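Let me begin by presenting the structure, written as structure tokens, before commenting on it.
The values are calculated or read from the model by the stated rules, or taken from the named source; none is laboratory data. Quick caveat: nothing in here was measured; it's all calculated off a predicted structure. Cβ coordinates were reconstructed from backbone atoms using ideal geometry, including for glycine residues, and neighbour counts include every protein chain displayed. With ligands, DNA and RNA removed, areas are computed over all heavy atoms of the protein, side chains included. Shrake-Rupley method; radii C 1.70, N 1.55, O 1.52, S 1.80 Å.
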Amino acid sequence: MVSPRDLVREDILQLSPYHVPDAGCMVKLDAMENPYALPEPLRALVSEVAREAALNRYPDPSASRLKSRLRSAMAIPPGMEVAVGNGSDEIIQMICLALARPGAKVMSVEPTFVMFRMIATYAGMGYTAVPLGEGFALDADAMIRAMEVHRPAVVFLAYPNNPTGNLFDADAVDAVIGRAPGLVVVDEAYHAFAGRTCMDRLASRPNLLVMRTLSKLGLAGLRLGLVAGAPAWLAEIDKLRLPYNVNTLSQLLAERIMAEPEALLAQAAAIREARSGLFQALSRLPGVDPYPSDANFILFRVAGADRVFAGLKSRGVLIKNLSGSHPRLADCLRVTVGTPEENGTFLEALRATLAA
Ligand SMILES: *Cc1c(COP(=O)(O)O)cnc(C)c1O
């Protein structure tokens with residue numbers, strides 16, 4: 001009898017599956033979702049679009065209307081090309097598959113978004129991560145030295161970084177882009193909460209690609225990511241896109257909703273506001289050390305993080321336990337900024353857990 005062990009690639013056999021816990025009816029502050037439902041006028045639009053959608057037909061294979069909407073909504077510079085993905089995870093996968101020549105490597109920093117390493121592995125590529133410096137800052141010199149040794153085909157930088165929440169210094173990012181032997185992909189998943197971007201550098205940096213996603217903005221369920229960059233790179237990457245990767249409803253809804261993004265941007269502004277309140281409340285708790293954040297989540301350190309995580313869970317609040325995932329994240333937990341009410345529930349549960 002043939003078994004998976006006989007046929008599945010050795011590196012895939014070694015992988016542990018990406019685990020997403022079931023939140024049940026807990027307060028869900030683990031996944032960087034926008035806590036607010038879509039505002040009413042947009043919900044009406046969703047029904048209307050869904051009713052009229054030609055679901056008997058395949059989606060527009062080039063997603064041309066959606067892409068032109070995204071060009072203006074995301075201020076993609078003229079002359080740059082865009083590709084869309086089923087979430088930005090799929091874009092990372094397309095980039096890696098395109099570059100996976102024998103021996104080609106992916107590089108990033110650590111700690112960072114785990115999908116960079118996982119997708120590099122899926123593509124059969126080597127992966128190297130350069131430790132972040134003090135305060136999780138990007139160490140451009142260490143990065144440049146490592147790029148000279150490993151000659152990565154692509155460097156991924158999350159800006160702001162996940163799970164640390166900080167924006168790297170813009171000059172350090174630029175130094176890495178300038179010295180990289182290959183592509184640099186700046187992943188701006190948290191752009192709505194940070195306000196800084198590398199988009200305006202695409203024209204002067206021909207080895208730069210910028211990724212965005214609608215997930216953290218309030219449309220995680222649509223699964224829509226995009227990448228912008230020079231047409232010559234995008235033409236190759238787009239060949240790896242499966243023909244109808246972004247379904248009809250996602251294309252139509254994203255196109256219509258991003259025509260009037262004000263309501264979602266107002267929610268992002270409310271989340272930024274709530275972030276500073278949550279940060280201050282965490283700083284005031286004895287034994288709790290939050291890290292400054294430019295994203296919609298806050299990383300904090302607390303003694304006995306495993307026990308605190310379990311205590312929160314038993315009180316009905318699900319956050320993310322990062323303790324044990326990386327030496328630099330020992331005793332670290334990550335909480336997504338929720339509504340003021342959810343943040344209050346979380347803080348109450350945290351106080352109760354710390355006092356227990
Ligand atoms: C959440 C996240 C993404 C995920 O994007 P999807 O578009 O939902 O696939 C990408 N990059 C980073 C750094 C993230 O934290």
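For region 49-156, the average shadow cast by the Cα convex hull is 10.0 nm², which is a quarter of the hull's surface. Stokes-Einstein diffusion for region 200-331, with the hydrodynamic radius set to the Kirkwood value over Cα pairs and evaluated at 25 °C in a medium of 0.890 mPa s, equals 133 µm²/s. Rg/Rh for region 52-257 stands at 0.96; both radii use Cα atoms, and Rh follows the Kirkwood definition.
The sum of -39500 (n - 2.57) across all DSSP H runs of n ≥ 4, divided by the residue count of the chain, sets its helix-only mean residue ellipticity at 222 nm to -12000 deg cm²/dmol. Candidate cross-link partners of K105 among the lysines, defined by an alpha-carbon separation under 22 Å and a same-chain spacing of 8 or more, comprise K239. Within the chain, helices built from complete DSSP H runs that reach 18 Å or longer along their own axis (Cα positions) and carry a mean Kyte-Doolittle hydropathy of -0.5 or higher are 40-52, 262-284, 340-355. For L240, the solvent-accessible surface computed with a 1.4 Å probe is close to 60 Å², ligands and nucleic acids excluded. Here the relative contact order of the chain, from alpha carbon pairs under 8 Å that lie six or more residues apart, stands at 22 percent. In percent, rounded to a whole number, the relative contact order of region 166-261 is 20, using alpha-carbon pairs under 8 Å and six or more apart. Per-residue packing, averaged as other Cβ atoms within 10 Å, sorts the ranges 183-191, 26-34, 89-97, 274-282 into the order 183-191, 89-97, 26-34, 274-282, beginning with the highest.
Of the solvent-accessible surface of region 52-257, computed with a 1.4 Å probe over protein heavy atoms with every protein chain present, carbon and sulfur atoms account for 52 percent. With coordinates expressed along the principal axes, the C-alpha atoms belonging to the chain extend over 58, 57, 54 Å, beginning with the largest. Once you reduce region 58-88 and region 1-46 to the center of their Cα atoms, the two points are 24 Å from each other. Once the chain from L15 to D306 is taken as fully extended at 0.36 nm per residue, the excess over their C-alpha distance is 102.4 nm. Cross-link partners of K28 among aspartates and glutamates, defined as those whose alpha carbon lies under 18 angstrom from its own and excluding same-chain residues fewer than eight positions apart: D306, E341, E342, E348. Accessible surface for the chain, divided over its residues, is 46 Å² per residue with a 1.4 Å probe.
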